[in-house]
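To keep things clear, I will list the structure first and then write my remarks on it.
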Amino acid sequence: MRIFTVYEQNLLRKFNFDPYELARNPLYFHTPVEYIIGHAEFCDELFFVTPDTLIPRIETQQLVDIAFNLHTDQKFIKFADVGCGSGCVGITLAKKFFEANINFYAAFIDKSRYALDITRANIINLLSQFEIQIEKDENVFYFNKYPSTIKIIEHDVTCKLKLKGIFDFIVANLPYIPTDRIPYLDYSVKNYEPKIALDGGKDGFQIINKFLLNVRKLTKTVILEVDDTHDERFIIQNYPKLKTLFKFKFVKDCFKKQRFIIAATR
Ligand SMILES: C[S@@+](CC[C@H](N)C(=O)[O-])C[C@H]1O[C@@H](n2cnc3c(N)ncnc32)[C@H](O)[C@@H]1O
């Protein structure tokens, strides 16, 4: 029998599931509640999620705050959400910019086309009050409400990005867990959440390193969510070249763990 937390029970009831019935069904003994109901809460909104998208984490809300607070004095912002998954980070930022009367160009980028289908569904669901139009061009979708624009791009960011113009900032929550730690993750994480969203390679920083080298000419600022082992010493010891290309600031999360890097291009 499974024991749901009060928070989980409330979420299940909100979507008309009976927590007591599910608790006795072996099919649901380990399935994350968010995948059962197909939704996850993030920054006071409900986002669609499927097993093709990571379930947004509470720490990631701080990534949104850091990015937003660095850029509130501009009339127009050009930004990208890289490794967008459900789209929770970029969509929350888009809402905040809309509400602050700041127009924007936003690019949502992910390697997984399945995740991007969910990004698109969330954009339509959560930004529809802004009367966004949709155009489709192969794997590139444009959501357009003059003068703000949203573009969805399927791309592996370890390869060169063909994006035009300079971004004010790029926010990225790419996979950052070292490969050999994956087997030790919670059962419900390692067996239900997509590996492509978790596995950051040998030291957890391999995708992020390639991505930083690829985007350094495309933006002034990159705001990253990283593993708690990815601190200043780790970068100096393992990625000395990055130190010559970026100025780094390290920020702790709400659990007082090293979690974010603000990288300014030199
Ligand atoms: C940790 S999840 C973050 C999802 C979402 N941004 C969030 O905060 O909940 C990482 C995302 O990066 C994507 N990803 C993994 N490798 C990638 C790559 N090389 N290029 C682009 N996206 C990648 C995955 O598909 C996944 O959606």
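Throughout, read-outs are computed from the coordinates displayed, never taken from laboratory work. This is a predicted model, so every value here is computed, not measured. Cβ coordinates were reconstructed from backbone atoms using ideal geometry, including for glycine residues, and neighbour counts include every protein chain displayed.
Let's see if you can work this out: charge +1 on each Lys and Arg Cβ, -1 on each Asp and Glu Cβ, no other charges. What is the dipole magnitude of the stretch 185-225 about its Cα centre, in debye to the nearest 20?
On the way: 7 positive and 5 negative charges, 75 e Å.
With Lys and Arg at +1 and Asp and Glu at -1, about 360 debye.
Treating the beta-carbon of each Lys and Arg as +1 and of each Asp and Glu as -1, no other charges, what is the dipole magnitude of the chain about its Cα centre, to the nearest 20 debye? Could the numbers behind the result be given before it?
Working: 36 positive and 33 negative charges, 233 e Å.
In total the dipole reaches around 1120 debye.
Which Cα, out of LEU70, GLY165, ILE109, lies furthest along the positive dipole direction of the stretch 60-265 (beta carbon charges, K/R +1, D/E -1)?
Checking the options against the dipole of the stretch 60-265, the answer is GLY165.
If each DSSP helix of 4+ residues adds -39,500 (n - 2.57) and the sum is divided by the residues in the chain, what number results at 222 nm, nearest 500 deg cm²/dmol?
Details: 11 runs with 87 residues, N = 266.
Helices in the chain give a 222 nm mean residue ellipticity of -8500 deg cm²/dmol.
In the chain, with Lys and Arg counted as +1 and Asp and Glu as -1 at Cβ, which of these residues, GLY90, HIS230, ASN10, has the Cα nearest the positive end of the dipole, that is, farthest along it?
HIS230
Based solely on C-alpha atoms, express the radius of gyration and the Dmax of the stretch 6-48 in angstrom.
According to the Cα coordinates of the stretch 6-48, Rg and Dmax are 10.4, 32 Å.
Within the P(r) computed for the chain, what percentage of the Cα pairs occupies the region above 30 Å? It would help to have the intermediate numbers written out before the result.
Working: 10089 of 35245 pairs.
The calculated P(r) of the chain puts 29 percent of pairs beyond 30 Å.
Rounded to the nearest Å, what's the spacing between the alpha carbon centres of the stretch 240-266 and the stretch 167-218? Just the number, please.
If you average the Cα positions of each part, the centres end up 15 Å apart.
If R0 is 30 Å, what FRET efficiency do you get for ASN238 and ASP44 from their C-beta distance, rounded to 0.05?
Details: r = 37 Å, r/R0 = 1.25.
The computed FRET efficiency comes out at 0.20.
Across 10 Å bins from the origin, how do the percents of Cα pairs in the stretch 1-79 run, short distances first?
16, 39, 25, 13, 7, 1
Starting from the 7 Å offset along Cα-to-Cβ, what nm value, one decimal, do you get for the label separation of THR229 and LEU213?
2.1 nm
Residue farthest toward the positive end of the dipole of the chain, with Cβ of Lys/Arg at +1 and Asp/Glu at -1: which of ALA100, LEU198, ILE262?
Checked the options; the winner is ILE262.
Which ordering of THR72, THR92 is given by a fewest-first count of other beta-carbon atoms within 10 Å? Mind dumping the intermediate values first?
Details: THR72 11, THR92 25.
By the 10 Å Cβ count, ascending: THR72, THR92.
Say we join alpha carbon atoms closer than 10 Å with springs in a Gaussian network model of the chain; which of LYS247, LYS164, LYS111 then has the biggest fluctuation?
So, out of LYS247, LYS164, LYS111, the one fluctuating most is LYS164.
Compute the distance in nm between two label points, each set 7 Å from the Cα along the Cα-to-Cβ direction, one at LYS190 and one at LYS162.
Here the modelled spin labels are 4.0 nm apart.
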